[in-house]
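The values are calculated or read from the model by the stated rules, or taken from the named source; none is laboratory data. Given the structure is predicted, the values throughout are model-derived calculations rather than measurements. Using ideal geometry, Cβ is built from the backbone for each residue, glycine included, and neighbour counts are taken over all protein chains shown.
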Amino acid sequence: MNRREFLKTSGTLTFAIAIGAEGARLMSAAEAATAREINAWVRIAPDGTVTILSAGAEMGQGSMTSLPLMVAEEMDADWSKVRIEFAPADAEVYGYVFQNQKAMAIVGSRAVMYYHNGLRTAGAQVRKVLLANAADKWGVPASTLHTEPGFVVDGSGRKLSYGEIAAFAKMPSPLPAVDKSELKTKDRYRYIGKAIPRRDIPEKVNGSARYAMDVQLPGMVYATVRHAPVHGAAPESWNDAKVKAMKGVLGTVRLPDGVAIIADTLPHALGARKALEVQWGKSVADGYDSETMLMKTYAAVHADPNAKSQTLEAKGDPKAAFANAAKTYKAEFRSDYGYHAQMEPLNAVARVNAAGNHVEVWEGTQDPASSRAAIAQALGFKEEQVTLHQCYMGGGFGRRSLGDYSAEAARIARGVRKPVKLVWTREEDMQYGMFRPQAFQCLEAATDKEGSVSGWTHCVVGDGGVLLQTGIRIPYYQVPNQYIEARGTSHGIRLKHWRSVGHVFNVFAIESFVDQMAAEAGIDSIKFRIENMNATPRTRALLEKVAEMSDWQAPRPQGRALGLSLSDRSGSQGAGVAEVSLDRASGKIRVHKTWLAVDGGLVVQPEMARANIESGILHGLSS
């Protein structure tokens, strides 16, 4: 929306929202008129339709619905008249504040947590503007009015719909301020915490949901890519003439780490890919042996007193705790790479204009702003020269948060001067994807004469920086003396966030180690966590709840046993129990039942929270 459209919108009342470190607020028309882009988060049409933008990428987790729901709650919108559209890919305008920067990435369970306060405050401001305009129309104090879904109502029951107000409304100056105390209390919620159906489900059921794979453009051609067999290698030459002579093939394009084949149909492109023979350059990953790295190299780095180390937690005096320990424990854990295995293959559609100075890309991405930046960098463009159209995603799990494949689509489209639909094969994604990093971990603990854990050290070794580090701290246990560190190696393998990031291997190691200590001490594992690990009150409540849910003390069928684990992430904390059996002949473990108690704070969409918990259990079992 441009400035003229914002200031004069044919009877549509448009609200721009500024989100900053201090929260969110409405923007005045004067502010919006000088802004780089008008961020029309909320539009109210004369027919009462309320359009709310969602900055939440949608891959089945429900953010697309949750974020507008919070705005609608505070503005008292009629949810049946709310339309949801994806926000443009511009973090400065539509992003939340994370570590003093603006971001749009829907990763790390951030969306509701980081947008919550700002969007609710802005929704309350929208409501105040509507009240002020109705009061002015009727010539009464705004304090005598209240709202019902989609209406402003006075004491006599007289009503003005939001659509009617939109036809004559003016933005007050100054805009109304909203104090936190003015936000709705839980007992007044109409939508938050209620069973509100997700907006994307009907489209996905009736087949109208739009994924990038569904996009069709006039004159569009198809492309696929053969990437290097070793991460980081570049193509030097290939059998270009042979490939171009194949049926339907329109050409090839050199990419930094692969060769794209363009054809009139996707089957023709895929067929030519099989015939493509490429000579590759050298890579830092040449000769890399992942098994040797996992089984030997990381342990050597851990044992090296001169290895570079990053301290993640230092508390008390761990050396003294171990020196004075009544007993010490030690365990090592290794975890391999993890593939995202998202259901929808990686794909994107790109179109460069005739002048060659603007590109449009259709993509399902967890991070629209990062994709836009990657596309701009690939083409040598400014970000203003990139328009990204957000689509639904058939799973993300962290893989769709970079934009490498959309940048490839843009390069190819410019190379062939036609709109292009790029599709990676599953095999290509497996070989040249981005993986959860390997990790080697060494944990040690010391207990005092009372059996309480008095000292704790944890070292994780691998490549991946922060990807190795999440979940390694133990805020749910009050151990007085701790030293937690990370040691890095570099081997040129492409790495990326994988659902839960480092929690998946760090928490596994931590909780397995705690169970090992409890077993050696002959103490029930829940009791050990509460008493010997000095679990926090919040954690103790979760442990007691999951013990009740699973009937922890009850005898189990022959050959079955219970396992227990805790986790703390993104403000939420959970305690889980699994009933398992082991086939000693085959070594296969079978999970029969699981129970999970979660303290997640305010739950905006209960069904979505439940679905995410259940999917997390299933994903964890396959990790």
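Of the candidates Glu607, Glu579, the single residue that is surrounded by fewer than 19 Cβ atoms within 10 Å (Cβ to Cβ) and touching a Ser or Thr at 6+ places or on another chain (Cβ under 9 Å) is Glu579.
Entry remark, the stretch 141-170: residues being in contact (Cβ under 8 Å) with a residue 24 or more places away in the chain, of a type outside the set (Lys, Arg) and in a loop (DSSP other than H, G, I, E, B) number 3 in total.
I'd like to verify a number: residues in the stretch 86-104 that are in contact with a helix residue (DSSP H, G or I) (Cβ under 6 Å, 6 or more places away or on another chain) and either more than 15 Å from Gly571 (Cβ to Cβ) or among the acidic types (Asp, Glu) (or both), how many? Total satisfying the criteria: 6. Residues that are of a type in the set (A, V, I, L, M) and in a strand (DSSP E or B) were ranked within the stretch 76-115; the one that is modelled with the lowest pLDDT is Val97.
For the stretch 276-394, which fully contained helices (runs of 4 or more DSSP H) count at least 2 residues that are closer than 28 Å to Trp424 by Cα and at pLDDT 95 or above?
Qualifying helices (runs of 4 or more DSSP H): 368-379.
I'd like the full set of residues that are touching a helix residue (DSSP H, G or I) at 6+ places or on another chain (Cβ under 7 Å) and either over 30 Å from Leu467 (Cα atoms) or not in a helix (DSSP H, G or I) (or both), limited to the stretch 116-132.
Arg120, Ala122, Gly123, Ala124, Val126, Arg127, Leu130, Leu131, Ala132
Restricted to the stretch 187-198, and to residues there that are in contact (Cβ under 8 Å) with a residue 24 or more places away in the chain and either in a helix (DSSP H, G or I) or in contact with an Asp or Glu (Cβ under 7 Å, 6 or more places away or on another chain) (or both), the residue that is surrounded by the fewest Cβ atoms within 10 Å (Cβ to Cβ) is Ala195. Entry remark, the stretch 100-155: residues being among the aromatic types (Phe, Trp, Tyr) and either within 33 Å of the chain's Cα centre (by Cα) or closer than 24 Å to Arg399 by Cα (or both) number 2 in total.
You will find that of Ser490, Ser512, the residue that is of a type in the set (S, T, N, Q), surrounded by fewer than 18 Cβ atoms within 10 Å (Cβ to Cβ) and farther than 16 Å from Ala331 by Cα is Ser490 and no other. For beta carbons closer than 8 Å, sequence separation of 6+ or different chains, a first residue in the stretch 532-546 that is more than 18 Å from Arg473 (Cα to Cα) and a second that is among the aromatic types (Phe, Trp, Tyr), the qualifying pairs are Val546/Trp552; Val546/Trp595.
Taken together, Gly455, Gly471 contain a single residue that is in a strand (DSSP E or B) and not aromatic (Phe, Trp, Tyr), which is Gly455.
All told, Leu276 meets the bar of being in contact with a Phe, Trp or Tyr (Cβ under 8 Å, 6 or more places away or on another chain), among the aliphatic types (A, V, I, L, M), under 20 Å from Leu422 (Cβ atoms) and surrounded by 12 or more Cβ atoms within 10 Å (Cβ to Cβ). Scanning the stretch 580-595 for residues that are out of contact with any Pro (no Cβ under 9 Å at 6 or more places or on another chain) and part of a strand (DSSP E or B) yields Val580, Leu582, Asp583, Lys588, Ile589, Arg590, Val591, Lys593, Thr594, Trp595. Could we say that Val352 is more than 29 Å from Gly62 (Cβ to Cβ), buried (at least 24 other Cβ atoms within 10 Å of the Cβ) and not assigned by TED's automatic domain parsing to the domain that holds Leu495 here? Yes: the conditions hold for Val352.
The residues listed here are Ile526, Ile589; of these, the one that is in contact with an Asp or Glu (Cβ under 9 Å, 6 or more places away or on another chain), without any contact (Cβ under 8 Å) to a residue 60 or more places away in the chain and within 30 Å of Glu291 (Cβ to Cβ) is Ile589.
Just to check your reading of the model, which residue among Gly471, Gly559, Gly522, Gly502 is surrounded by 19 or more Cβ atoms within 10 Å (Cβ to Cβ) and on the phi > 0 side of the Ramachandran plot?
After applying the criteria, what remains is Gly471.
Scoring Ile201 on the criteria (1) over 22 Å from Asn347 (Cβ atoms); (2) surrounded by 14 or more Cβ atoms within 10 Å (Cβ to Cβ); (3) under 30 Å from the mean Cα position of the chain (by Cα) leaves a single failure, condition (2). Inclusion of Val504 among residues that are β-branched (Val, Ile, Thr) and under 24 Å from Val107 (Cβ atoms) is warranted.
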